[in-house]
1. Would you check which residues across the stretch 286-313 are in contact with a Phe, Trp or Tyr (Cβ under 9 Å, 6 or more places away or on another chain) and in a helix (DSSP H, G or I) and list them?
2. Restricting attention to the stretch 73-105, report how many residues are surrounded by 13 or more Cβ atoms within 10 Å (Cβ to Cβ), closer than 18 Å to residue 156 by Cα and out of contact with any helix residue (DSSP H, G or I) (no Cβ under 8 Å at 6 or more places or on another chain).
3. Where residues in the stretch 314-331 are in a loop (DSSP other than H, G, I, E, B) and among the hydroxyl-bearing types (Ser, Thr, Tyr), which of them is modelled with the highest pLDDT?
4. Conditions: (1) more than 22 Å from residue 39 (Cα to Cα); (2) not in a loop (DSSP other than H, G, I, E, B). Residue 336 meets all but one. Number of the miss?
5. For residues that are assigned to a loop (DSSP other than H, G, I, E, B) and either closer than 24 Å to residue 41 by Cα or aromatic (Phe, Trp, Tyr) (or both), scanning just the stretch 231-273, find the one that is modelled with the highest pLDDT.
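The values are calculated or read from the model by the stated rules, or taken from the named source; none is laboratory data. This structure is a prediction, so every number in the text was calculated from the model and none was measured. All Cβ positions, glycine included, derive from the backbone under ideal geometry; neighbour counts span all protein chains shown.
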Amino acid sequence: MRMRGLHGAIPITLLGIIAAAGYASAATPLSDYSARLGRAAAAVDSLLDDGTKTPEDQKILAVLDSVKRLMRPTEEIAFGEQTVHVDNAWLHDAIARLSRQYRSHEGTADERYSALIAFAERIMPLAERVHAALDAPRVDPANQRALLEGILAQSDFQTDSQKESTLQRWIARAWRAFVHFLLRIFASRSESVPKPGNASLNVVRVLIAIGLVAALVIGGVWLARRLRRRVRREKKREVREVLGEEIAEGTTTEDLLAKAAELSRSGDYRGAIRRAYIALLCELEQRGKLRLARAKTNRDYMNEIRSDLVTYEPVLRLTNTFERVWYGERSATKEDYTDFMGGWSVVGGRWPVVGDQ
């Protein structure tokens, strides 16, 4: 089939190529990227939320295929006149591995399910953090761009080949240069008549080599200490970050509930439910039921309280409500928020401030 214009026949396939090229080059708003990522994460999470440990393989494969269609291999996210390049190679690689495992029944069912959980624990935090960057208060588009770049630079969202850090490459280059230097120092010289001062020159070379080795050792110790301090700081940070939102030191459950009530009075019932759910997790941590951490997902928290049947069932209902409203991009009503807070009171043992009072 051909279409005719002013300049004659143009093959339909050529038009398709031109359209595809225009689609590939178009930048995507952050809101669209976040929404698709949220739907993909919710679809994966649904596989872990059906009450069974071994969902049907065909269902898993269908969900993985839908996630692959939702998330393009690469895309550009627009921030005004600037863009951020998103490389979803890690996600497509993980989907390819999982699909191969389920199609060919590699390993045991438990091993395949563990791989599925590992995938969920990568895509769900990504969706949470991108959504938090989109909805972060007092963050302008320029800072949102920096936030997104920082999120995508994390090792969980890169392929194995991309994880090699600049520091690792620098160390490798420095080591190769050092070995080459030693080889040059101790390389056998041409067989010739020994010259005066040759012995003292060799001593100087040995001393230089010893000094370089000592410098490398001292530098390595210093670097290791810096890295350990950085890890400790990161761990402290992780304890007070929930669902991509940092909780200021000293913030109490009551503070978070008061903020939820404030949001509800302004008509933001969806945001109020999110803040109340974070307050619930903080309350459970204060009771010793779970431990908050930056990288944990809702599923991690549910697994921590699974053995406490009295707490698990009502928290599971609240979690399902929160995920439908937040990750499902569904609008929430005053009744939704009131019902949620009613469930909150069952877990919290008290009736929190609801708002709209």
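1. 298, 302
2. The qualifying residues number 2.
3. Once the filter is applied, the top-ranked residue is 331.
4. (1)
5. 268
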